[in-house]
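Just so it is clear, none of the values below were taken in a lab; they were calculated from the coordinates. What you are looking at is a predicted structure, and each value in this text was computed from that prediction instead of being measured. So basically every Cβ, Gly included, is an ideal-geometry build from the backbone, and we count neighbours across all protein chains shown.
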Amino acid sequence: MALTKEDIINAVADMSVMEVAELIEAMEEKFGVSAAAAVVAGPGGGEAAAEEEQTEFDLVLTGAGDKKVNVIKAVREITGLGLKEAKGAVDGAPATIKEAMSKDDAEAAKKKLEEAGASVELK
């Protein structure tokens, strides 16, 4: 007599947590697979979902461009830094200008820096 899927599910439902863990381990060894890998690579792909859910962005200056003075002004406006600190950040590119920004704020700041001549990334 062959067991149906329903018979197996009912048998698993009656097991203790330890028995289920032992069963999973035995199945992994028998079939040469990992249950953890199946969960991670499950439907929808974990990375794509994580990117969609990102709510905070870091503004990274990757290059100052030709109009360094304009970029320094933009950095001061975005961060509230003094002239010396803003110049140091621009001279130290690539540098994180501001962290944990909302998407709208980060995109507006990126646009402002790009208009000033800088190269910028959002991470």
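Which parts of the stretch 83-104 would a label at Ser119 reach, counting a residue when its backbone N lies under 11 Å from a point 7 Å out along Cα-to-Cβ?
94, by backbone N distance to the label point.
If the chain between Met18 and Ala95 were fully stretched, how many nm would it gain, using 0.36 nm times the residue separation less the Cα-Cα distance?
Between Met18 and Ala95, full extension yields an extra 22.7 nm.
For the stretch 48-123, what is the largest minus smallest coordinate of the Cα atoms on each principal axis, given in angstrom and ordered from greatest to least?
For the stretch 48-123, the Cα spread along each principal axis is 39, 21, 19 Å.
Can you spot the lysines whose alpha carbon is less than 30 Å from Lys98's alpha carbon? Ignore those fewer than 8 places along the same chain.
Straight-distance partners of Lys98: Lys67, Lys68, Lys73, Lys84, Lys87, Lys110, Lys111, Lys112, Lys123.
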